[in-house]
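Chemist: Please find one structure pasted underneath; my questions will follow.
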Amino acid sequence: MVQQPFKWPNNARIAFVLGIAFEAWDRNKPSRGGALQSPLPANALCKRDYSTETFREFGGKIGVRRLLDICDKYDLKVSMPINGLTCEYWPELIKYAHGRGHEMVAHGWDQGEYLFMLTREQERENIFKTVEAITKLTGERPTGWSSPGVRSTDNTLELNLEAGLLYNCDFHDDEMPYPIKIGDKILIMIPHQYTINDHRMQEEGTRHDFFEKFKDEFDYRYKIGPENPTMMNVITHGYLSSRVPAIDTFEQIIKYAKGHKDVWFARRGDIAAWARKYYEE
């Protein structure tokens, strides 16, 4: 059987996917990385970087609800990569987000614990524990996985399938979802797109530059969409895009996309389910 050209539902030109990462770092461990300033030097006598830790806490305390309010305003359902610890630290907020129709994506137990530092059994425990925490809290089993730092190991994809997950978001080798066969099972890969990620506002340019980069990419994808439908994955974080004035840019992005017809506003799980149906036909 010859496979038909890939099309989105209703022949949409673009599948628009917005992610709001709601991450949590273990509060009982010294923080890793430097979200606001450079990391503490190795010889610092105080091992707790309260600058970074409190900067990250902004998401759960204030930011995520702000972002979800804007999503409600435009009737947009998003994908939220969350850690197992997010479920422990902010259970009511996760239940609120899930109740609004947003998708919870399993994102590792602790955002500061990278899978490449774990044995296979430790990684298996991390994945299963995260999936079960989300399932227990929301009543719905997640279908997707995104590794902390977007870095899989030799074992991650196989362990994703073992945990009953249907898709992974860690690879960078395509712009469209595609199947990976592992044994007799299929895992859908939804490639990570780092170009429109709110970390860019910290690293380079202004929020206005960030919006123009988004607009340039959206416009081009929209232009080629009738012959070459693609996916646009916008990635934000609860403690970044929610801050004034970046939250205005967050809203501008949604408003701009919503101002176009023939756009499929989908969650990652929706994309994976559509792709699975396409590749299994």
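Chemist: Which three lengths, in whole Å and largest first, does the range 113-258 cover when its Cα atoms are put on their principal axes?
Modeler: 45, 38, 30
Chemist: How large is the direction-averaged shadow of the alpha-carbon convex hull of the range 47-87, in nm²?
Modeler: On the way: hull surface 14.7 nm².
Over every viewing direction, the Cα hull of the range 47-87 projects on average to 3.7 nm².
Chemist: Report the net charge of residues surrounding Gly225, where surrounding means a beta-carbon distance below 13 angstrom and charges are Lys +1, Arg +1, Asp -1, Glu -1.
Modeler: Details: positive: Lys7, Arg13, Arg221, Lys223, Lys261; negative: Glu175, Glu217, Asp219, Glu227, Asp262.
Every neighbour counted, the sum reads 0.
Chemist: If packing is taken as the mean number of other Cβ atoms within 10 Å per residue, what is the order of 217-224, 195-202, highest first?
Modeler: Highest to lowest by the protection proxy: 195-202, 217-224.
Chemist: Counting Lys +1, Arg +1, Asp -1, Glu -1, what net charge surrounds Gly259 among other residues with beta carbon under 13 Å of its beta carbon?
Modeler: Summing Lys/Arg as +1 and Asp/Glu as -1 gives +1.
Chemist: With Kirkwood's inverse mean 1/r over C-alpha pairs for Rh, give me the Rg to Rh ratio of the range 205-248, two decimals please.
Modeler: Working: Rg = 12.9 Å, Rh = 11.9 Å.
Dividing the radius of gyration by the Kirkwood radius yields 1.08.
Chemist: Can you list which of the trypsin sites (Lys or Arg not before Pro) found in the range 25-63 are DSSP loop residues with at most 13 other C-beta atoms within 10 Å?
Modeler: Filter output for the range 25-63: Arg27, Lys47, Arg48.
Chemist: To one decimal place, what Kirkwood hydrodynamic radius in Å is obtained for the range 167-225 from all pairs of distinct Cα atoms? Please report the intermediate quantities before stating the final value.
Modeler: Numbers: mean 1/r = 0.0743 Å⁻¹.
So the Kirkwood estimate lands at 13.5 Å.
Chemist: How would Thr230, Thr86 line up from fewest to most surrounding beta-carbon atoms within 10 angstrom? Write out the running numbers ahead of the final one.
Modeler: Values: Thr230 18, Thr86 31.
Starting with the residue having the fewest Cβ neighbours, the order is Thr230, Thr86.
Chemist: For the chain, max minus min Cα coordinate along each principal axis, in Å, sorted largest first?
Modeler: Extents along the principal axes: 64, 46, 33 Å.
Chemist: While we're on this one: Extension gain Asp216-Lys61, at 0.36 nm per residue separation less the Cα-Cα distance, in nm? Provide the component values of the computation, followed by the final result.
Modeler: Numbers: separation 155, 0.36 × 155 = 55.80 nm, distance 3.31 nm.
Answer, rounded to one decimal: 52.5 nm.
Chemist: On to the next question. Report the full-extension gain for the segment Glu175 to Arg120: residue separation times 0.36 nm, less the Cα-Cα distance, to one decimal in nm. Spell out each step's value before the answer.
Modeler: On the way: separation 55, 0.36 × 55 = 19.80 nm, distance 2.89 nm.
Net length gain for the segment: 16.9 nm.
Chemist: Another one. For the range 203-281, compute the orientation-averaged projected area of the C-alpha convex hull (one quarter of its surface), in nm².
Modeler: Working: hull surface 25.7 nm².
The Cα convex hull of the range 203-281, projected and averaged over all directions, gives 6.4 nm².
Chemist: Something else now. For the chain, set up a Gaussian network in which alpha carbons nearer than 10 Å are linked by springs, and say which option among Asp49, Asp184, Asp216 fluctuates the most.
Modeler: Maximum fluctuation in the GNM of the chain, among the listed residues, is at Asp184.
Chemist: Take the alpha-carbon positions of the range 6-118, form their convex hull, and give its projected area averaged over all directions (one quarter of the hull surface) in nm². It would help to have the intermediate numbers written out before the result.
Modeler: Working: hull surface 39.4 nm².
The Cα convex hull of the range 6-118, projected and averaged over all directions, gives 9.9 nm².
Chemist: Per q in 0.17, 0.23, 0.27 1/Å, what log10 I(q)/I(0) does a Debye calculation on the alpha-carbon atoms of the range 104-181 return?
Modeler: -0.60, -1.08, -1.42
Chemist: Using 0.36 nm per residue of separation minus the Cα-Cα distance, give me the extension gain between Asp184 and Cys46 in nm, one decimal. Write down the numbers at each step before the final one.
Modeler: Numbers: separation 138, 0.36 × 138 = 49.68 nm, distance 5.11 nm.
Between Asp184 and Cys46, full extension yields an extra 44.6 nm.
Chemist: Tell me the mean residue ellipticity at 222 nm calculated for the chain from its helices only (DSSP H runs of n ≥ 4, each -39500 (n - 2.57), averaged over every residue, nearest 500).
Modeler: Numbers: 10 runs with 109 residues, N = 281.
Calculated from helices alone, the mean residue ellipticity at 222 nm is -11500 deg cm²/dmol.
Chemist: Hey, what do the phi angles of the range 171-181 turn into as Karplus ³J(HN,Hα) couplings, whole Hz, using 6.51/-1.76/1.60 and θ = phi - 60°, x for Gly and Pro?
Modeler: Once θ is set to phi - 60°, the couplings for the range 171-181 become 8, 10, 9, 7, 10, 10, x, 8, x, 10, 8 Hz.
Chemist: Continuing with this model, one more query. Mind listing P(r) for the range 68-149? All alpha-carbon pairs, 5 Å bins, whole percents.
Modeler: All Cα pairs, binned at 5 Å, distribute as 3, 16, 27, 23, 15, 9, 4, 2, 1 percent.
Chemist: Can you compute the FRET efficiency between Lys95 and Lys129 using 1/(1 + (r/R0)^6), with r the Cβ-Cβ distance and R0 = 22 Å? Round to the nearest 0.05.
Modeler: Details: r = 19 Å, r/R0 = 0.86.
Result of the calculation: an efficiency of 0.70.
All of the numbers you see were taken from the coordinates with simple rules; none came from a lab. Given the structure is predicted, the values throughout are model-derived calculations rather than measurements. Here the Cβ is made from the backbone with ideal geometry for all residues, glycine too, and neighbour counts use every protein chain on show.
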